[in-house]
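The structure appears right after this line, and notes come after that.
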Amino acid sequence: LYAKLEEDHGLARRAIKIYERATEAVEPEERFTMFNIYIQRIADLHGVTHTRAAYEQAIERLPEKHARQMCLRFADLERKLGEVDRARAVYAYAAQMCDPRTEPEFWKIWKEFELAHGNEDTLREMLRIKRSVQATYNTKVSFMASHLAATKEQNENPMQAVESAITAEETSTNKRPLIVFKSAGVVSQVGTDGDSSGRVTSRTPSRNPEAIDIDLPMEDEDEGIEGVETVQDEEKILEDDEDGSKPRLRIEKQPVPSAVFGSLKDDNDD
């Protein structure tokens, strides 16, 4: 309304400034419509030759879908004005946004333009640009396809990602050394060499070769016990004889096994 007021009662130049500000203030989905109004009001107030700056702004700020339409309109305007080179430059700029497989109409229009206003060299240049753009889009499509496939696989298997994380955590836990205490006082470590099977390795205590074995044979032990009992009986008989209560008996001396005394007794002492 403000722009209309300026058109009717003010200056046309101020009205064009208001339309230009409106192209920046509107929502992105309404910007294409606003640019159409802006270009149309410039053409009505100042002439079509002054719309070039508006077309350039629209091509730079609009998304590719709408920018392609603006490029075609801009190139057609230049063709009508007799600016063939300008129109060809606009087509070359718009070509980078037009995949030959999805936008065949654009390449058809450009080819017709070259057949009508160009020559063999310009037509070959157009075909070269077409092959280059197609190769670029093939690379982009291959990359996007692989990326989408990886994303889809990841979304379809969320549990697989969780299981992979759990497996990695268990693997890192198995690599930690586990200390196991044995009843014989032996400490063994499991998992220090990356053994993920979880087996517990054990070692038997080693025997000290310098230890002294003081265990006695069973037969020598029995003989020692009998010898001690014989000596005790003889001492009891002597005590009874001194009191005179019993007749005197002949004392028999029995040898005491040397194993009883160990290293304290000399072999020559009886």
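Bear in mind that the values in this text are calculations on the coordinates, not laboratory data. Note that this is a predicted model, so its numbers are computed, not measured. All Cβ positions, even for glycine, are placed from backbone atoms using ideal geometry, and neighbour counts span all protein chains on display.
Some observations on this one:
- The Cβ shell under 13 Å around residue 43 holds other residues with a net charge of +3, Lys and Arg each +1, Asp and Glu each -1.
- Extension gain, residue 45-residue 115: 0.36 nm per intervening residue step, less the Cα-Cα distance, totals 21.7 nm.
- Anisotropy class assigned to the stretch 1-124 is oblate, per the alpha carbon gyration tensor with a/c at or over the 1.5 cut-off and a/b no larger than b/c.
- Across the stretch 74-80, computed HN-Hα scalar couplings (Karplus, 6.51 cos²θ - 1.76 cosθ + 1.60, θ = phi - 60°) run 5, 5, 5, 5, 5, 5, 5 Hz from first to last residue, x flagging Gly and Pro.
- Extended-chain gain in nm, criterion 0.36 nm per residue less alpha-carbon gap, residue 137 and residue 86: 15.8 nm
- Count Lys and Arg as plus one, Asp and Glu as minus one, and take only other residues whose Cβ is under 12 Å from that of residue 52; the net charge is then -1.
- Under the simplified labelling scheme, the residue 33-residue 69 pair shows an inter-label distance of 1.2 nm, with each label point 7 Å from Cα along Cα→Cβ.
- Couplings 3J(HN,Hα) for the stretch 91-102, derived from phi with the Karplus relation 6.51 cos²θ - 1.76 cosθ + 1.60 (θ = phi - 60°), are 4, 5, 5, 6, 4, 5, 9, 10, 6, x, 7, 9 Hz, where x marks Gly and Pro.
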